[in-house]
Amino acid sequence: MNRLLVENVSRHFGGVQALEDVSFIVEPGTIHGLIGPNGAGKTTLINILSGLLSPSSGRMNYRNHDLHRLAAHQVAAIGIARTFQNIRLFPHMSCLENVQAGQHVTSRRSLLPRLFHLPSARREDRDLCERAMAMLARVGLDDKVSYQSRNLSYGERRRLEIARALSLNPSLLLLDEPVAGMRQGEAMVVADLLRSLCREGMTILLIEHNMSFVMSLCSRITVLDFGRVLTTGTPAEVRACREVIEAYLGTTGEPHA
Amino acid sequence: MEHLLQFYAIYGSVINFIGINALLALSLNVTLSAGMLSLGNAAFAAVGGYTAGILSLRFGFPYVASLAGGTCAAGLVGLVIGLPVLRLKGVFLAMATLAFGEVVRLAAVNLDVTGGAEGLTGIPNVTTTWMIYLVLAAAAYFIAMLRRSRLGWGLVSMREDETAASSLGIPVTYYKAVAFVIGAMLAGLAGGMYAHLNYLITPRDYGFFIAVDLLIYNIVGGTNIWYGPILGAALLTALPEVLRGAGVTAGPIRMGINGLILLLVILFLPNGLASLFARRRSSAVKAGA
């Protein structure tokens, strides 16, 4: 089953209930949004899905793998890649090297052929390099190949992190605020990229606070508030949902003393 | 030619020590390149040295078999120590590995089989200069190629950011253990060669100061490329002799001079002496592009 299934996932940190009985389904080949006020548990959920945290209870399934049993590197190996809200690039590597480092699960890079300088090793390295270059071109960083990643602008770093995640050849991409801090034009470029990835069959789950970005891009949206799912539905349904409006704007009709 | 022979007759032992120290520095470089601050490599050299020495002396093993035995023993100890210790990070890992070094030293002092405080004497003197440099070249080549392998990419990624590395599919814990064992084996090999170079190995040979020296070689030379630790080891091992040649008796102030060099490198060449070469090369690449 290619759907991402999240079932009754809860997670607490000590006495703080970060997630409570979270359930939703991400259909394959769609862009699914995850929104909610700050502290709603969105990033915690992404961390649990990607294996960096384990849930206190509940289960998650993707392509017949029980995600809640897998460590982060195993999650990556079954085709789930992610980016980070606070951008975790490799600062002392060039853009190209960052993307090449992301090819860990899609490459062999065996030691023995390299020790003997076999042509197969050279061929693989050339092939991987070309694929990394193509990935950089796809996110529009082909003119910054040899730049150290720490010298990039904020938006460029976000795009580089997406390129690195894409070099895992993922079927499911988890993006934690992919356009945070980007200008509108730059965000539109990312939106176009995500749409084209989706057309190629990739499933995308993304957290974003930029509402016009989320509403125009996602076919379905899950709204979290205080660790619980308020609703899951199409952008129009979510916009009309009374509880969502209350979560974002506060309850109406209550006198503010 | 005659001058060369004369030079070798006088400085042969320094040349040998540069080779051994460079090999030890390289062994530490494997773990450093993954961002692990381990100070246990001197102790692994002691394990390898004592094992190889005992195999030669007490069991009559041929040289190569003794070296192989020492290398494997160090690797095995590395695995046993590594599994619990590698959960620690940064300075805590350094402290734990340092403590392990003391355990090894105390064991060597107190055991009968290691010859106690006087050490193991009468080990056949069969290591020669060309052997040391052949092994050094092979180790340097191995490490250079390792860096291009999947493991090498993983190790460097882990140094940069462990969390991000694990999300890229890199099995961080497993790779740490592998790097630790490879480093331990290289150190064990160096220790075995050292034991067969000097007739003897004593508990003092691979104590605290050597453990720290290995780290200094790496920092001074640079950890990012295979020839960095070799440069650092060569410079700092040869320096006292060079100073003596210049009429300065470096003995008592050797540590001070090492410290000064370390300070200067950290302040002005944070990527070590090797970055002098690497910088020239990268600017050539940019000019060509």
Give a residue-ordered list of calculated ³J(HN,Hα) values for the stretch B:203-212 (Karplus: 6.51 cos²θ - 1.76 cosθ + 1.60, θ = phi - 60°; whole Hz; x for Gly, Pro). x, 6, 4, 10, x, 3, 5, 5, 4, 6
Of all the Cα-Cα pairs you can form in the stretch B:1-120, what percent are over 20 Å apart? 53 percent
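Given N residues in chain A, what is its alpha carbon radius of gyration divided by 2.2 N^0.38 Å?
Details: Rg = 19.6 Å, N = 257, 2.2 N^0.38 = 18.1 Å.
Normalised Rg, Cα atoms only: 1.08.
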Points 7 angstrom from Cα along the Cβ direction at B:Val113 and B:Leu276: gap in nanometres? 4.6 nm
Go through B:Ile170, B:Ser38, B:Ile210 and say which Cα lies farthest out towards the positive end of the charge dipole of chain B; charges sit on Cβ, +1 for Lys and Arg, -1 for Asp and Glu. B:Ile170
Equivalent ellipsoid semi-axes - Cα gyration tensor, the stretch B:13-207, angstrom: 29, 19, 12
Apply the Karplus parameterisation 6.51 cos²θ - 1.76 cosθ + 1.60, with θ equal to phi minus 60°, to every residue of the stretch A:66-73 and state each ³J(HN,Hα) to the nearest whole Hz, in sequence, with x for glycine and proline. 7, 4, 5, 9, 9, 7, 3, 5
Work out, step by step, the length gained on full extension between A:Leu5 and A:Asn64: first 0.36 nm times the residue separation, then minus their alpha carbon distance; give nm to one decimal. 20.2 nm
When you take every Cα atom in the protein assembly as shown, what is the radius of gyration, and what is Dmax, the widest Cα pair distance, in Å? 28.1, 102
MRE, 222 nm, helices only [DSSP H, n ≥ 4, -39500 (n - 2.57), over chain B, to nearest 500]: -25500 deg cm²/dmol
Apply the Karplus curve 6.51 cos²θ - 1.76 cosθ + 1.60, θ = phi - 60°, to the phi angles in the stretch A:182-190 and return the couplings in whole Hz, x for Gly and Pro. 9, 5, 4, x, 5, 4, 5, 4, 5
Under 10 Å, Cα contacts only: if you run a Gaussian network model on chain B, which one of B:Ser275, B:Ser27, B:Ser66 comes out with the highest mean-square fluctuation? B:Ser275
For A:Arg228, enumerate residues with amide H under 5 Å from its amide H, sequence gap 5+ or separate chain, H modeled in the peptide plane. A:Glu20
For chain B, what is the charge dipole size about the Cα centre, in debye to the nearest 20, if Lys and Arg each add +1 at the Cβ and Asp and Glu each add -1 at the Cβ? 740 debye
Excluding residues fewer than 8 places away in the same chain, name every one of the aspartates and glutamates whose C-alpha is closer than 14 Å to that of B:Lys89. B:Glu160, B:Asp161, B:Glu162
Starting from the Cα of B:Thr128, step 7 Å toward the Cβ, then list every residue of the stretch B:16-54 with an amide N under 19 Å from that point. B:16-20
I need the P(r) histogram for the stretch A:129-196: all alpha carbon pairs, bin width 10 Å from 0 out to the longest distance, whole percents. 20, 58, 22, 0
Values of log10 I(q)/I(0), in the order q = 0.09, 0.12 Å⁻¹, for the stretch A:1-133 under a Debye, Cα-only, solvent-free model: -0.38, -0.62
How high is the FRET efficiency between B:Leu264 and A:His12 when r is their beta carbon distance and R₀ equals 41 Å, given to the nearest 0.05? 0.20
To the nearest Å, what is the center-to-center distance of the stretch B:33-88 and the stretch B:173-222, using C-alpha atoms only? 9 Å
Listed by chain and number, the residues whose amide H is under 5 Å from that of A:Ser10, excluding neighbours fewer than 5 places away on the same chain and using placed H, are A:Asp21, A:Val22, A:Ser56, A:Ser57, A:Gly58
Would you tell me the mean number of C-beta atoms belonging to other protein chains that fall within 10 Å of each C-beta in A:110-117, as a whole number? 4
Amide H of A:Leu4 versus every other amide H placed in the peptide plane: which residues, excluding those fewer than 5 positions away on the same chain, fall under 5 Å? A:Val26
Which order do A:Glu200, A:Glu208 fall in if you start with the one that has the fewest other Cβ atoms within 10 Å? A:Glu200, A:Glu208
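Any read-out appearing in this document is the output of simple, stated calculations on the displayed coordinates, not a laboratory observation. This is a predicted model, so every value here is computed, not measured. Positions of Cβ are generated from backbone atoms using ideal geometry, with glycine treated the same way; all protein chains shown enter the neighbour counts.
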